[in-house]
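Student: To start, I am sharing the structure in question, which I have written as structure tokens.
Each reported figure results from applying straightforward, stated rules to the coordinates on display, with no laboratory input. None of the values given here were measured: they were computed from a predicted structure. Cβ placement follows ideal geometry from the backbone for every residue including glycine, while neighbour counts extend to all protein chains displayed.
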Amino acid sequence: MAKKSAKKAAAKKIRRRPWTNEEYKKLKAHSKARTPVAKIAKEFKRTPGALRQQALKLNIGLGHQR
């Protein structure tokens, strides 16, 4: 049993992708359009937390923080 859980943990490796200028532009556009964070997260293939962190870094409002 322990081997199965170790395999699952190994398969779910965290891979960080750098943000592109295009993604920053899209994020700003979504902020102005007041798009829900969950919908943006699916489009960008990133977590809602990652989107909120970038929005905070760019000083733009996102989600419920407005």
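Student: So what's Rg/Rh here for the stretch 10-66, counting alpha carbon atoms and using the Kirkwood radius for Rh?
Tutor: Numbers: Rg = 11.6 Å, Rh = 11.8 Å.
When Rh is taken as the Kirkwood radius, the ratio is 0.99.
Student: Explain nothing, just the number: dipole magnitude of the stretch 26-66 about its Cα centre with +1 on each Lys and Arg Cβ and -1 on each Asp and Glu Cβ, in debye rounded to the nearest 20.
Tutor: 80
Student: Follow-up. How far apart, in nanometres, would the label points at residue 11 and residue 42 be if each is projected 7 angstrom from Cα along the Cα-to-Cβ direction?
Tutor: 2.4
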